[in-house]
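One structure below.
The values are calculated or read from the model by the stated rules, or taken from the named source; none is laboratory data. It should be emphasised that the depicted structure is a prediction, and the values quoted were computed from it without experimental measurement. Glycine also receives a Cβ, built like all others from the backbone with ideal geometry; neighbour counts cover every protein chain displayed.
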Amino acid sequence: MNPVLLAAISVGIIGLICAVMLAVASKIIAVKEDETFLRLRECLPGANCGACGYAGCDGYAHALREGGVKPNLCVPGGDTAATKISQLLGVEFEDVVEQVAFVRCNGDCNNTSDKMEYHGIQSCKAAKLFFGGSGKCTYGCLGLGDCASVCPNDAICIKDGLARVNPRLCVGCGLCAKECPNGLIAVLPDTVKVIVRCRNTDKGGATRQECSVGCIGCKKCEKECPAGAITVNTNLAFVDYTKCTNCGHCQEVCPSGCIFIGNFSGAHKAK
Amino acid sequence: MRSLIVIMMGAVLVNNYVLSQFLGICSFLGVSKKQDQATGMSLAVIFVMLLATAVTWPIQTFLLDPNKLGYLQTIVFILVIAALVQLVEIVMKRYTPALHTALGVYLPLITTNCAVLGVAIDNIDASYTFLESMVNSLGCGLGYFLAMVLFSGVRSRMEDAKPPKSFEGLPLTLIAAAIVSVSFFGFAGIIENLFG
């Protein structure tokens, strides 16, 4: 027989056997994917952030299919995802409390300065171990962007040595809050308007030397707040959001300007 | 028994597939970024190498050689290995979902990996018996595992380093791979001195 023909035929036969084997196998032992799970999974944004308390979107979708889980746990998905899920499962829709991350520090390079030059590993966690970071204030933003690097939506940028959150991009997953070694980032409902942008618990004079916009614990806001929502504890003002009426008076009286009034509600829906 | 140990040691250390023979470099550089990924990939490689040898050795000995079709070796091996890995993936997905989630991503990557084909062909070239072939494949797989895990450690250290801009990324990875490879040449001759 012609050797070329022989080679072609033998390879062809082996290929045919393999092909038939694969075709039969894929028909006989194919796995049926659960349809409900797939559709639930499609409703979720796929950020795998873990804000719902499950290991990624797959985990939450599994838990939803098993039942007994509220459909409004997905913060990044917001109301859109919750509506779709509740329709799919035939349960009552519950509003999602949209959340936004806030950086509770305003110490950029104009307001505070460095006590040393840091040339070590470019990570906030590493810098924090080295005399509390390069900045004068050891409570403030280290500015090396550990939060920015974990953000799944690129909502955080470092500008002038301070992390800044873009509330339009932030989905409120809270990954950055876990990452910050100084615990500066708070994830709060987007209805909140009054933020104390400082975490320095040093006494007033010491804080002043470190940063021009730090909370000096003067208690002016505590005295003046008409709703009695602010308490000063360990030289730092805290806002009780259950009492706060968002009147903005505290910002007017604050001598150092560390209280910030913003409006983030609906930032999620603007997307 | 003695010859099996020699083959095993030789495959793991002296003729390490990645670091001495430069086979499977693509996956070696691609998947060695994280240690857990490197481990998963290596386990899949060990599995596929054993499987490929178990199938290709009989094909060569009982099908190709008697019919004087030895020159079809390469193409037949590629065909059979690729089909086999696909089949294993389908079976795995059905019967052992846990194993599929662990190895599943890497299996299709390996189907036409040159290291796997290299083992299959090397076994024939060295005219090993079936048992020797299997031991050699296991050794090569373990050698790949060793290289991957070692190199993923090196890479995780490099993440924290600040190289000059022009060396960032792949250039530095290649240089590091070369240095690790040179270190493995230290094993050359160890077998002759131990067992010779």
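On the stretch given as segment B:95-105, residues that are surrounded by 14 or more Cβ atoms within 10 Å (Cβ to Cβ) and either facing chain A (nearest Cβ under 10 Å) or modelled with pLDDT of 90 or more (or both) total 1.
From the list A:Ala30, A:Ala7, the one residue that fits, being part of a helix (DSSP H, G or I) and either farther than 15 Å from A:Gly59 by Cα or within 11 Å of chain B (Cβ to nearest Cβ) (or both), is A:Ala7.
Looking at this structure, is B:Tyr128 assigned to a loop (DSSP other than H, G, I, E, B) and touching a residue at least 24 places away in the same chain (Cβ under 8 Å)? So B:Tyr128 passes the test. Screening A:Cys180, A:Cys250 for residues that are in the same structural domain as A:Cys157 (by TED's automatic domain parsing) and under 16 Å from A:Asn106 (Cβ atoms) leaves exactly one candidate, A:Cys180.
The set of residues from segment B:69-81 being without any contact (Cβ under 8 Å) to a residue 12 or more places away in the chain and either among the aromatic types (Phe, Trp, Tyr) or within 7 Å of another protein chain (Cβ to nearest Cβ) (or both) comprises B:Leu69, B:Tyr71, B:Leu72, B:Ile75, B:Leu79. When you scan segment A:99-122, do you find a residue that is modelled with pLDDT under 85 and among the acidic types (Asp, Glu), even just one? Checked against the condition, which is being modelled with pLDDT under 85 and among the acidic types (Asp, Glu), segment A:99-122 yields no hits at all. Against the conditions (1) farther than 29 Å from B:Val149 by Cα; (2) within 14 Å of chain A (Cβ to nearest Cβ), B:Thr61 satisfies every one except (2). Selection within segment A:188-214: residues that are in a loop (DSSP other than H, G, I, E, B) and over 26 Å from the mean Cα position of the chain (by Cα). The member of this set that is farthest from A:Val171 (Cα to Cα) is A:Lys203. Among the residues of segment A:66-88, just one is more than 19 Å from A:Ala51 (Cβ to Cβ) and in contact (Cβ under 8 Å) with a residue 40 or more places away in the chain, namely A:Leu88.
Beta carbons closer than 6 Å, at least 6 apart along the sequence or on distinct chains, pair a first residue in segment B:147-162 that is closer than 27 Å to B:Ile46 by Cα with a second that is of a type in the set (Ser, Thr, Tyr) for B:Met148/B:Ser32; B:Met148/B:Ser42; B:Phe151/B:Ser32; B:Ser152/B:Ser32; B:Arg155/B:Ser32. Taking the stated definitions as given, is B:Ala147 closer than 19 Å to B:Gln35 by Cα and either among the charged types (D, E, K, R) or crowded, with 16+ Cβ neighbours inside 10 Å (or both)? For B:Ala147, the condition - closer than 19 Å to B:Gln35 by Cα and either among the charged types (D, E, K, R) or crowded, with 16+ Cβ neighbours inside 10 Å (or both) - is met. Can you name every residue in segment A:172-211 that is among the β-branched types (Val, Ile, Thr) and touching a helix residue (DSSP H, G or I) at 6+ places or on another chain (Cβ under 8 Å)? Scanning segment A:172-211 gives A:Ile185, A:Val187, A:Val194.
Each row is one residue, and each column tells you yes or no for (1) over 22 Å from the mean Cα position of the chain (by Cα); (2) at pLDDT below 85; (3) more than 13 Å from chain A (Cβ to nearest Cβ); (4) in a helix (DSSP H, G or I).
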position	(1), (2), (3), (4)
B:Thr53	no, no, yes, yes
B:Asn67	yes, yes, no, no
B:Ala83	no, no, no, yes
B:Ala120	no, no, yes, yes
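Mind checking whether some residue in segment A:3-11 is over 23 Å from A:Leu89 (Cα atoms) and surrounded by fewer than 10 Cβ atoms within 10 Å (Cβ to Cβ)? Yes, segment A:3-11 contains a residue that is over 23 Å from A:Leu89 (Cα atoms) and surrounded by fewer than 10 Cβ atoms within 10 Å (Cβ to Cβ).
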